[in-house]
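These notes concern the structure reproduced below.
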Amino acid sequence: MKGENKMLDPICDMTVDPAKAAGKFDFDGTTYYFCSVHCQKLFQTDPAKYLAAADTCMTQMDSRTASPFYETLGFFGPPLAARMNAELGRTYSTSKHLNWVFAPTSDARPGWGSENARWGNYDAYGLMGSTTDSSGYAFSMNS
């Protein structure tokens, strides 16, 4: 995440101010900043492993045509796609992953998705929950 001089730790995704980072590491033309020495040491043991794992996940997700979204798992797709596109020159579809987050249903769990109206007597815009019945439940931030 670039902007306002902030970056994301590649291990834990915490926001890091480069001037206050616990450490930094250059790999393959990119400087990575870390929130803690622990995260830096993990990444330094095998940076290619962490980047390859992220690429494998995003490639698999990008190849899907139907939404696999279920509860909070899909929330990681849009920021990861955007970050890898910006920092590593990838071309993952940020719009596909973002649309899956806000869809009212998914292949993984039909009738479960983002609420985009009132839910019973309550405003529920953006909550995740049952979109097909009025006696289910919805939650925020997987609470």
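A few points about this structure:
- Condition check for Tyr92: in a loop (DSSP other than H, G, I, E, B), touching an Asp or Glu at 6+ places or on another chain (Cβ under 7 Å) and touching a residue at least 24 places away in the same chain (Cβ under 8 Å): yes
- Options Arg64, Arg90; residue that is farther than 28 Å from Asn5 by Cα and out of contact with any Phe, Trp or Tyr (no Cβ under 8 Å at 6 or more places or on another chain): Arg64
- Single residue of Ser63, Ser36 found to be within 30 Å of Pro104 (Cα to Cα) and modelled with pLDDT of 90 or more: Ser63
- The test for being of a type in the set (A, V, I, L, M, F, W, C), outside the structural domain of Tyr92 (by TED's automatic domain parsing) and surrounded by 15 or more Cβ atoms within 10 Å (Cβ to Cβ) holds for Cys35.
For (1) over 18 Å from the mean Cα position of the chain (by Cα); (2) closer than 25 Å to Ser140 by Cα; (3) part of a loop (DSSP other than H, G, I, E, B); (4) of a type in the set (Val, Ile, Thr), each residue gets a yes or a no:
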residue	(1), (2), (3), (4)
Asn5	yes, no, yes, no
Phe25	yes, no, no, no
Cys39	yes, no, no, no
Asp55	no, no, no, no
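- Contacts under 7 angstrom Cβ, first residue in region 1-22 being of a type in the set (Ser, Thr, Tyr), partner at pLDDT below 85 and outside any loop (DSSP other than H, G, I, E, B), 6 or more apart: Thr15/Leu8
- For Arg90, the conditions (1) at pLDDT below 80; (2) in contact with a helix residue (DSSP H, G or I) (Cβ under 6 Å, 6 or more places away or on another chain) are fulfilled apart from (1).
- Which numbered condition Leu98 fails, given (1) touching a residue at least 24 places away in the same chain (Cβ under 8 Å); (2) touching a helix residue (DSSP H, G or I) at 6+ places or on another chain (Cβ under 7 Å): (1)
- One residue from Asp13, Asp62, Asp9, Asp107 being of a type outside the set (Ser, Thr, Tyr), surrounded by fewer than 16 Cβ atoms within 10 Å (Cβ to Cβ) and not assigned by TED's automatic domain parsing to the domain that holds Leu127: Asp13
- Every listed requirement among (1) modelled with pLDDT under 85; (2) closer than 22 Å to Met14 by Cβ; (3) surrounded by 14 or more Cβ atoms within 10 Å (Cβ to Cβ); (4) of a type in the set (A, V, I, L, M) is met by Met141 save one, (3).
The values are calculated or read from the model by the stated rules, or taken from the named source; none is laboratory data. All values reported here derive from a predicted model rather than from experimental measurement. Cβ coordinates were reconstructed from backbone atoms using ideal geometry, including for glycine residues, and neighbour counts include every protein chain displayed.
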